[in-house]
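The values are calculated or read from the model by the stated rules, or taken from the named source; none is laboratory data. The shown structure was predicted, so the numbers you read here are calculated from the model rather than taken from an experiment. Backbone-built Cβ (ideal geometry, glycine too); neighbour counts: all protein chains shown. The protein model used for the area step is the full one, side chains on, heavy atoms only, and it has no ligands, DNA or RNA in it. Shrake-Rupley method; radii C 1.70, N 1.55, O 1.52, S 1.80 Å.
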Amino acid sequence: MTAGKTLLVVFGGIALIVLLLALWAGGTYNRLVTLQQATDAQWAQVQNVYQRRADLVPNLVNTVAGAANFERTTMNEVTQARASVGKIQLPTGTAPTDPAQLQAFADAQARLGGALSRLLAVSENYPDLKATTAFRDLQAQLEGTENRIAVERGRFNEAVQAYNTAIRRFPAALLAGMFGHSPRPYFSATAGADTPPKVNFDFSPKP
């Protein structure tokens with residue numbers, strides 16, 4: 001084999017290796033982007049269900065406010081908790097990358113959930129209020145929303161797990177940092193956050 005042919009084979013081999021590496025890097029990049037987008041999309045779902053709960057609060061408060069002598073402290077607590085939720089600033093269009101940011105969001109939502117739970121519990125002492133169609137509808141909507149929140153949080157954690165696993169596995173881990181991919185935080189269980197607001201449809205007389 002002449003020197004020219006030898007060089008051609010060597011360069012051809014190098015070109016093939018470079019091409020294979022480029023294809024691998026491109027495939028890895030596309031997979032990580034897909035998983036990242038999945039976490040962002042699922043985060044949007046989490047925000048949607050939490051926003052749905054926040055949107056129900058004014059209607060609930062207005063309905064409860066019609067009950068004579070209702071405990072105003074409890075209503076104020078709900079209103080203030082909803083306001084604190086609105087003050088949490090998170091990145092737009094992407095899931096949180098800072099565990100502290102996600103924890104602050106979860107804590108604010110937990111306070112709102114707890115305030116709603118206490119509001120509905122106090123409402124049990126007002127038979128006339130419980131009997132109104134508007135209040136019963138709001139109770140049902142809140143119960144459904146809490147169930148959705150639990151489901152979407154679980155799905156978000158699953159999406160984050162898939163993403164975090166992918167960027168840590170070899171050989172993708174070699175490129176993840178270069179592409180700007182870093183682990184994302186999970187929703188963690190907060191004391192009382194996994195307990196839906198108390199909803200009681202038993203309108204029978206208390207013993």
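If R0 is 45 Å, the Cβ-Cβ spacing of residue 178 and residue 80 corresponds to a FRET efficiency of close to 0.50. How large, in percent, is the carbon and sulfur part of the accessible surface of the chain at a probe radius of 1.4 Å? Answer for the chain: carbon and sulfur cover 58 percent of the accessible area.
Based on alpha carbons, the Rg and Dmax found for the chain are 26.2, 104 Å.
Between 132, 145, 97, the GNM of the chain built on Cα springs shorter than 10 angstrom shows 132 fluctuating the most. Along the chain, the exposed loop sites are chymotrypsin sites (Phe, Trp or Tyr not before Pro) outside DSSP states H, G, I, E and B with at most 12 other Cβ atoms within 10 Å, and the longest stretch free of them is 1-200. Out of 54, 110, 162, any idea which swings most in a Gaussian network model of the chain, alpha carbons joined below 10 Å? In this elastic network of the chain, the residue with the biggest mean-square fluctuation among 54, 110, 162 is 162. Comparing 180, 27, 113 in a Gaussian network model of the chain where C-alpha atoms under 10 Å apart are linked, the largest mean-square fluctuation is found at 180. Amide hydrogen proximity for residue 95: with H placed 1.01 Å from N in the peptide plane, the residues at 5 or more positions away or on another chain lying under 5 Å are 40.
What the chain shows is 57 Å² of accessible area per residue, with the surface traced by a 1.4 Å probe over protein heavy atoms. Net length available on complete extension from residue 62 to residue 168 is 33.2 nm, with 0.36 nm assigned per residue and the Cα-Cα distance removed. Restricting region 50-146 to GluC sites (Glu not before Pro) that sit in a DSSP loop and have at most 16 other Cβ atoms within 10 Å of their own Cβ leaves 71, 124.
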